[in-house]
Amino acid sequence: MYESIERYGPLKVWALTVVTLVAAVALAATAFYQPVYVDIIWQYFWGPVVADAHGWNCVAWAGGEQLPCGEAGVNAGPTASPGYTFVSYAGYIPTLILSVVGVVFLIDRLEIERYRAGFYGLFPFMLFGGALRVVEDSNVAAYRATGELPIQLPWSGIIISPLIYFTVFFLALLAVVVSVWLERNDYVSGYEYPLGAIGTTLLVGTVGYLGYLSATTDYVQFYPLLLLTILGGATVATAITWSLIDRFAPGVNRGTKFIGAVVIWAHSIDGVANVVGLDWATAFGHDSNLIPKHPINAAVVDLTDSILPESIVAVTGDAWPFLLVKLAAAVFVVWIFDDTIFEESPRYAILLLITVVAVGLGPGTRDMLRATFGI
């Protein structure tokens, strides 16, 4: 392996690896349709997406008809449920690693050096990913209300977890290439400007589509005060946390600088959106409070219910500790990324911080917009 890398170069070896793996999977799925495609690819990778797209708890292969398990009857073949399994993790994690390696090669190829500018340029894409996932939530709401999917499979599949991560990833990658080209050809003074503009356009278009649905359908509503409350609450929580850091532990944000505030705000959005959506949605006009979509959220709610008396939970709600957990985790991350890391490897520091922000802002934006549009 090392001899091949030295002889052909890491980029060619990486590209050959990707092409070989894709070709091998495609050939195996074609030659061994039942054991490879149906029993592995469909059951553990595509089947969960089909179930999620329809809002089903379980989908059966049923000779390729892909029916809800309750309608498929016995001997319907393999079944799948939304979510992840050890098998799917075994496929997604290597794919993610290969993608990250490809990004590193691309950065080298494009000779990008102003990494902090790239962080801010990519920020709208982190919001866009969560908003795009809410489009799929609206698709499920439409199916439940009308029996039809406005966005049909397989197109709706690319905006469902985990495929949505790759969708946003490749859109952002394409935007980076275009933006760097514009800078190198002196159309713009910095690649971050068109990059941010492309991401903002995608974000505005996506939220605009949700707004259109709220104005033209019965299954999507609009609660603007709830949106303002979440944004305002997250901003206040960030300001308080940042002020406390500046006053009592200024060394914590020495490395990240203002990026640290963005990290904290991203995770504050997730925390406040959960507190408002899970405990106080009815106060803003919802018929009922939302239910947790993520295991950690649900675990925090269950733990709070088990520790605090019911009389206290009735007043404070049971989701507020999640905000504290998110703030603590964000501050810890900011503290870890000290100035030494940025001096030794600014590229990897920024890539990791982009991932950290996306992990908070993606689910946070989804939860915020789910509550805002009543989905």
Scanning the stretch 182-222 for residues that are of a type in the set (Val, Ile, Thr) and over 19 Å from LEU122 (Cβ atoms), which turns out surrounded by the fewest Cβ atoms within 10 Å (Cβ to Cβ)? THR216
Can you tell me which residue is nearest to THR372 (Cα to Cα) among those in the stretch 115-153 that are open to solvent by 30 Å² or more (accessible area, probe 1.4 Å), hydrophobic (A, V, I, L, M, F, W, C) and out of contact with any Gly (no Cβ under 9 Å at 6 or more places or on another chain)? ALA145
Given the residues ILE158, ILE164, ILE230, which is the only one that is open to solvent by less than 40 Å² (accessible area, probe 1.4 Å), under 30 Å from TYR44 (Cα atoms) and in a helix (DSSP H, G or I)? ILE164
Scan the stretch 224-242 and tell me whether some residue there is closer than 30 Å to THR340 by Cβ, β-branched (Val, Ile, Thr) and touching a residue at least 60 places away in the same chain (Cβ under 8 Å). yes
SER81 fails exactly one of (1) farther than 20 Å from GLU136 by Cβ; (2) at pLDDT 90 or above; (3) of a type in the set (Gly, Ala, Ser), namely (1)
Any residue in the stretch 67-74 that is without any contact (Cβ under 8 Å) to a residue 40 or more places away in the chain, open to solvent by 20 Å² or more (accessible area, probe 1.4 Å), within 30 Å of VAL207 (Cβ to Cβ) and not in a helix (DSSP H, G or I)? no
Just checking, how many residues over the stretch 297-307 are modelled with pLDDT under 75, under 19 Å from PRO363 (Cα atoms) and either surrounded by fewer than 18 Cβ atoms within 10 Å (Cβ to Cβ) or of a type in the set (S, T, N, Q) (or both)? 2
Residues satisfying the stated conditions in the stretch 167-181, i.e. over 29 Å from ASP52 (Cα atoms) and buried (at least 16 other Cβ atoms within 10 Å of the Cβ): VAL176, SER179, VAL180
Filtering the stretch 32-46 down to residues that are open to solvent by less than 70 Å² (accessible area, probe 1.4 Å) and among the aliphatic types (A, V, I, L, M), which residue is farthest from LEU106 (Cα to Cα)? VAL38
Would you mention how many residues in the stretch 308-341 are under 25 Å from the mean Cα position of the chain (by Cα), of a type outside the set (A, V, I, L, M) and open to solvent by less than 30 Å² (accessible area, probe 1.4 Å)? 5
For the list (1) over 28 Å from GLU136 (Cβ atoms); (2) assigned to a helix (DSSP H, G or I), I need the number of the one condition that THR256 fails. (2)
Return a yes/no flag: does the stretch 262-281 have any residue that is open to solvent by less than 10 Å² (accessible area, probe 1.4 Å), within 19 Å of the chain's Cα centre (by Cα), hydroxyl-bearing (Ser, Thr, Tyr) and modelled with pLDDT of 90 or more. yes
If you go through the stretch 4-25 one residue at a time, do you hit one that is small (Gly, Ala, Ser) and in contact (Cβ under 8 Å) with a residue 12 or more places away in the chain? no
Which listed residue, of VAL49, VAL18, is surrounded by 12 or more Cβ atoms within 10 Å (Cβ to Cβ), touching a Leu at 6+ places or on another chain (Cβ under 7 Å) and within 22 Å of TYR143 (Cα to Cα): VAL49
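The values are calculated or read from the model by the stated rules, or taken from the named source; none is laboratory data. Quick caveat: nothing in here was measured; it's all calculated off a predicted structure. Quick reminder, even Gly has a Cβ in these numbers, built from the backbone with ideal geometry, and neighbours come from all protein chains shown. When the accessible area is computed, the model is the full protein with side chains, heavy atoms only, and any ligands, DNA or RNA have been set aside. Shrake-Rupley method; radii C 1.70, N 1.55, O 1.52, S 1.80 Å.
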